[in-house]
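Remarks on the structure that follows.
The values are calculated or read from the model by the stated rules, or taken from the named source; none is laboratory data. From a predicted model like this one, the values you see are computed outputs, not experimental measurements. So basically every Cβ, Gly included, is an ideal-geometry build from the backbone, and we count neighbours across all protein chains shown. Just the protein is used for accessible areas: all its heavy atoms, side chains included, with ligands, DNA and RNA removed. Shrake-Rupley method; radii C 1.70, N 1.55, O 1.52, S 1.80 Å.
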Amino acid sequence: MSKNIPKAFIDSLLEKANIVNIIANYIELKKKGNDYWARCPFHNEKTSSFSVSENKQFFHCFGCGAHGNAIGFLMDHLNQPYPEAIETLANNLGLEIPRDKNTDKLYETRKNIQEILSEAKKDYIEQLKKSPEAISYLKMRKITGDTAKNFQLGYAENNFQSLKKKLIKKYLESDLLNSGLIVKKENNSYDKFRGRIMFPIHDSHGNIIAFGGRIISINSEKPEAKYINSPETILFSKKKTLYNLHFANKDRSTKNNLYIVEGYMDVISLFQAGIKNAVATLGTAVSQENLAQCFKYTKEIICCFDGDKAGVNAAWRCVENIIPIIKDGDAISFVFLPQGNDPDNIIEKGGSKLWEEKIKNKISIEEFIFRKFSKECDLNTASGKTQFLQNINFLLEKLNARILKTMLLESLNKKIGSKYIIKKKNFSPLTKIKKFKTSSILHKAISILMHNPKIKIDENLINDNRIKDNTGIHVLKSIINLIKVKPDINIGRIIENYRTEIIIYDSLQKISTLPVTVYDYPDSEFHACICLFIKNLLKEKMSNAEPSDLESVRSIINEIKELEEKSKKY
């Protein structure tokens, strides 16, 4: 979809947006000097290392290296793909995205499905009011009227055609099928949800995208699934969605920890007891997408599973999924509830007090890994310890959080009394990891230009024949031409302009992480870099020349002298 959004519109969007105002909608910024500062939302820290430059329309964290423009911030902070981040930014500014015919059709389809789901939600809410059986069921589950209203709970009549007959007056059957509200078998279509309490499912922004339904009367002759969800649609993917995330991400306690539980009723019971930082999976294992979403809002995920074999297996899949994506500073722990107990039961028995007591028994990822592998290996033997360490190393092979990896390996070695020394590549947990390191003088020139796009440039120097074939110079010229067309452009917009040119975009992203020096005369420094770049090429040429070719060597020496004299003019 992003390919169909005109590049000119995206640039215009960034020109109109003030990155300070955009980011201030999500985190608290404080002005110090010319820039705004905050604690970084992408990693845990005690001091403010996250800076936002209004002049450059660019953010940068000096702790974890996160950086980018307003679109990049929305993508990272809201876990949105590029097109959705553009749409969010456009909505903030009250602008409509220009679309071609294909994109328009996709947009209209999505919009149409959301309207259908909203209509269905209203109908389900009305049907709940009219159903003594449904109301009785919710009362039996100790759900209050206020809670039902808060979660917009409803009821689907136990009728094959009830919802379809109401919606078909306004929408096409194909649209109803695409929404997942009706299903088709042979030539007949009918309501998917019947005789069920209905739970609207929302995305992280609160837009309705699907439904879950819980049966309230069991027919022993024709047993049905207790819970069913909407099928996968253009709006809804089970593995990418968590129930109640749109409420949980607004709760203050979520910054410290976020509970992942297994059902709608667990979330609702916890919410009703004042525990609002809980989300639920939708009948699937906790996916990488789920975990990545959660870490956008919290520093610790607490997974709550049944203590039976199925619960332990589900927790282990969670460990395997989180290993590749967890970052230093993130934490995950596990609570295994007594068999036959779920959060809903615990709240019913003892409210939030009993829940907090159970949470005190949480175990860390380190302890969970130890318990699992220690049961599988005989730690009384050298071969058993070897097998244990092999399992650990294999599990942590994909762990990119280097400090966490070091600590886990050392701690798990100690737990089994092993003196096995893990070879490390000159890494200390106290060493600050640099995202990008370069000594290229041309990278420095590009950095100066992007941070100071209004400097005056000697284009004769840039067009010097000795560097005309250099790839970096081509990029530099491209940026210069871009600045000519858009003289008020800033670094955020410059980099965004190359998003579709992957190699250049990645290079500029890396260059943007270089330490920024404030020069009194940035144009002089820029030209000095280009002169030095040419000089280095001449020196390389001279080192490759035949020593016996005195004329060529003498010519290169003269070129270097001329260049040195020229550089003094800048």
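Being farther than 15 Å from Lys184 by Cα and among the aromatic types (Phe, Trp, Tyr) is the filter here, so list the residues in the range 146-171 that pass it.
Phe151, Tyr155, Tyr171
Looking only at the range 139-152, which residues are open to solvent by less than 20 Å² (accessible area, probe 1.4 Å), part of a helix (DSSP H, G or I) and either under 30 Å from Leu177 (Cβ atoms) or small (Gly, Ala, Ser) (or both)?
So in the range 139-152, the residues open to solvent by less than 20 Å² (accessible area, probe 1.4 Å) come out as 143, 147-148, 151.
In the following step, the residues that additionally are part of a helix (DSSP H, G or I) were identified as 147-148.
Passing the criteria: only Ala148.
Hey, does the range 46-56 have a residue that's open to solvent by 20 Å² or more (accessible area, probe 1.4 Å), touching a residue at least 60 places away in the same chain (Cβ under 8 Å), out of contact with any helix residue (DSSP H, G or I) (no Cβ under 6 Å at 6 or more places or on another chain) and not β-branched (Val, Ile, Thr)?
Yes, because at least one residue in the range 46-56 is open to solvent by 20 Å² or more (accessible area, probe 1.4 Å), touching a residue at least 60 places away in the same chain (Cβ under 8 Å), out of contact with any helix residue (DSSP H, G or I) (no Cβ under 6 Å at 6 or more places or on another chain) and not β-branched (Val, Ile, Thr).
Which of the residues that make up the range 175-224 are in contact with a Gly (Cβ under 7 Å, 6 or more places away or on another chain), buried (at least 20 other Cβ atoms within 10 Å of the Cβ) and among the small types (Gly, Ala, Ser)?
Ala210
Among the residues of the range 243-298, what is the count of those that are closer than 21 Å to Gln152 by Cβ and touching a Lys or Arg at 6+ places or on another chain (Cβ under 6 Å)?
Within the range 243-298, residues that are closer than 21 Å to Gln152 by Cβ and touching a Lys or Arg at 6+ places or on another chain (Cβ under 6 Å) number 2.
Could you grab me the full set of residues in the range 358-401 that are at pLDDT 90 or above, open to solvent by 90 Å² or more (accessible area, probe 1.4 Å) and in a loop (DSSP other than H, G, I, E, B)?
Lys360, Asn361 - these are the residues of the range 358-401 that are at pLDDT 90 or above, open to solvent by 90 Å² or more (accessible area, probe 1.4 Å) and in a loop (DSSP other than H, G, I, E, B).
List, please: which pairs have Cβ atoms under 8 Å, are six or more places apart or on different chains, and start with a residue in the range 512-527 that is aromatic (Phe, Trp, Tyr) and end with one that is in a helix (DSSP H, G or I)?
Short answer, once both residue conditions are applied: Tyr519/Ile448; Tyr519/Glu525; Phe526/Ala445; Phe526/Ile448; Phe526/Leu449.
Among the residues of the range 467-485 satisfying the criterion of being modelled with pLDDT of 90 or more and among the charged types (D, E, K, R), which is most open to solvent (accessible area, probe 1.4 Å)?
Lys484
Condition first: closer than 21 Å to Gly472 by Cβ and either of a type in the set (A, V, I, L, M) or open to solvent by less than 70 Å² (accessible area, probe 1.4 Å) (or both). Now tell me which residues in the range 543-562 satisfy that. Break it down into steps so the answer makes sense when it comes.
First, the residues of the range 543-562 that are closer than 21 Å to Gly472 by Cβ: 543-544, 559-560.
Residues satisfying the conditions are Glu559, Ile560.
Among the residues of the range 11-26, how many are within 15 Å of Met75 (Cβ to Cβ) and either of a type in the set (A, V, I, L, M) or buried (at least 21 other Cβ atoms within 10 Å of the Cβ) (or both)?
6
If you check every pair at least six apart or on different chains, which have Cβ atoms under 9 Å apart with a residue in the range 438-450 that is more than 15 Å from Ile495 (Cα to Cα) and charged (D, E, K, R) first and a residue that is open to solvent by less than 40 Å² (accessible area, probe 1.4 Å) and modelled with pLDDT of 90 or more second?
Lys444/Phe526; Lys444/Cys529
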